[in-house]
C-alpha cells in the first residue's frame, strides 16, 4: 500500500467525523441560543401576566420588536391563560414552548 493511499484512508474518516460533529454542534448551539432567548421572553410574559392580570396580545406589548426578518422567535396567545412561543428548526419542523405544559418540545 502506498503512503498516499494510507494517508487518504486515515484522513477521510477523520475529516468526515469532524464535519459531522461540527455540523451537529453548530445546529445544536443555534437551537440552544434560541431556547435561551425564548426563556427570556417567557420570563417577560410571566411578569406581564402578574402585573396586568392578562397575557400580552403580542411581543410588542413586551417591548420586543419582532418585525425584522432576523427575528426567529414567535409568540401566540391561544386564550386568556395559554400561550406558545416557537421557532423553526427545519422545513415543517419547529421547537415550541407551551405555557400549559411548561416545556420545550419538537413539533412537526
* **Spacing of the two label points (7 Å from each Cα toward its C-beta) at residue 52 and residue 5, in nm** => 7.2
* **When the convex hull of its Cα atoms is projected in every direction, mean area for the chain (nm²)** => 9.4
* Quick one: compute the contact order of the chain, relative version, from alpha carbon pairs under 8 angstrom and 6+ residues apart, as a percent. => 14
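Read-outs throughout are calculated quantities, based only on the coordinates presented, and are distinct from any laboratory measurement. Bear in mind that the values here come from a model prediction, so they are computed numbers and not experimental data. Here the Cβ is made from the backbone with ideal geometry for all residues, glycine too, and neighbour counts use every protein chain on show.
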